[in-house]
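Participant: What follows is a structure written as structure tokens; I'll ask about it next.
No value in this document is a laboratory result; all are computed from the given coordinates. Source: prediction; values computed, not measured.
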Amino acid sequence: MEGVLETSAASAENVAVAEAASSTDQALDDGLQPKPKRGGQVCPSCGSHDCRRSHRTWWERYRNTASMYRCRQCHYRFPGL
């Protein structure tokens, strides 16, 4: 009897996964695109969310400062939180 319960539980998981996949496919078919992943940083200069990690200089690594970010729109460089 345990094998039957395990099989029904596994099939219920497969149905849930299939329903989630079909809803995602349907959303893409409707012309909706998934949101692009963006960093949680906001540029203090222009307010854009389109920021990327910037390479730290040797002095910033020596001082062990916070990671730096650069805005892709205005190219302003700022420390992360």
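Participant: Could I get the Rg over Rh figure for segment 39-81? Both from C-alpha atoms, Rh via Kirkwood, rounded to two places.
Facilitator: 0.98
Participant: Now for a different question. When the chain is fully extended, how far beyond the present Cα-Cα distance does SER54 get from MET68, taking 0.36 nm per residue of separation? Mind dumping the intermediate values first?
Facilitator: Numbers: separation 14, 0.36 × 14 = 5.04 nm, distance 0.53 nm.
Taking 0.36 nm per residue and subtracting the Cα distance, the gain is 4.5 nm.
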